[in-house]
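Bear in mind that the values in this text are calculations on the coordinates, not laboratory data. In this text the structure is predicted, and so the values were computed from the model without any measurement. Here the Cβ positions follow ideal geometry from the backbone for every residue, glycine too, while neighbour counts run over all protein chains shown.
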Amino acid sequence: MSSPAPLILASGSRYRAELLARLRLNFSQSSPDVDESPRPGEDGATLAQRLALAKAQAVGTRAPQSWVIGSDQVAVCEERLIGKPGTREAAIEQLRWMSGRVVHFLTAVVLLRESSGTVHPALDRTLVRFRALGPEEIERYVDAEPSFDCAGSAKIEGLGISLCEEVQSRDPTALIGLPLIATAQLLRLAGFALP
């Protein structure tokens with residue numbers, strides 16, 4: 001398929017790369033070096049959108065003629081921001097907190113071309129209702145499918161689906177880390193040839 005300029009995914013995530021590959025476009029990957037810490041008083045949607053843009057800009061400054069995709073996901077439960085756990089203990093704590101609660105996964109995506117100053121943003125919202133989880137269930141899950149690099153500690157595309165009672169989404173790929181419906185729309189706006 002033709003494209004107006006090189007395309008770069010501003011992420012080292014294999015999950016996002018696997019998702020973007022579904023669109024059958026040629027692209028490269030470049031990891032941005034971005035501080036993902038939330039700012040005081042920042043809500044989940046604002047944080048996800050700011051980080052998606054920052055990631056795209058970090059890579060875009062190195063390749064200004066390219067189109068760059070930046071994406072970020074933030075989980076929010078009862079106004080508490082839930083990031084990547086990083087450790088087994090943190091994952092267990094996150095899942096205990098989310099047990100029996102509704103978690104909103106906010107996945108932002110930005111398509112940017114630095115040379116023209118063009119920025120196309122989108123935000124996807126997915127609602128996940130977790131089952132009431134016992135301590136042993138949580139530990140079994142964390143040991144079976146360590147998800148320390150996933151916001152909310154659960155891979156819904158894998159065994160993590162067993163932790164859920166309900167998922168409401170307009171785009172199931174958003175929960176994995178890159179909302180392909182929105183991404184395809186943004187790419188079409190930029191002149192990429194997609195079906």
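Once mean projected area of the Cα convex hull in nm² is worked out from the coordinates, which option in (i) 9.6; (ii) 13.2; (iii) 10.5 does it equal?
Among (i) 9.6; (ii) 13.2; (iii) 10.5, the one calculated here is (iii).
Taking a virtual spin label 7 Å from the Cα of residue 99 along the C-beta vector, which residues in the range 133-161 bring their backbone nitrogen under 13 Å of it?
Counting only backbone N, you get 133-142.
Taking Cα pairs under 8 Å and at least six residues apart, what relative contact order does the range 7-189 come out at, in percent?
Computed over the range 7-189, the figure is 22 percent.
Could you compute the FRET efficiency for residue 36 and residue 137, with r as their C-beta to C-beta distance and R0 at 22 Å, rounded to 0.05?
0.15
Using Cβ contacts closer than 10 Å as the measure, can you line up 66, 71 from fewest to most?
66, 71
Compute the acute angle (0 to 90°) between the alpha-carbon long axis of helix 135-144 and the principal axis of greatest extent of the alpha-carbon atoms of the chain; round to the nearest 10°.
40
Counting only C-alpha contacts under 8 Å and six or more residues apart, can you give the relative contact order of the range 102-195 as a whole percent?
33
Across the chain, where is the longest run that never hits GluC sites (Glu not before Pro) in a DSSP loop with at most 16 other C-beta atoms within 10 Å?
80-156
To check you understand DSSP bridge types, tell me what percent of the beta bridges within the chain (both residues inside) are antiparallel, rounded to 5.
85
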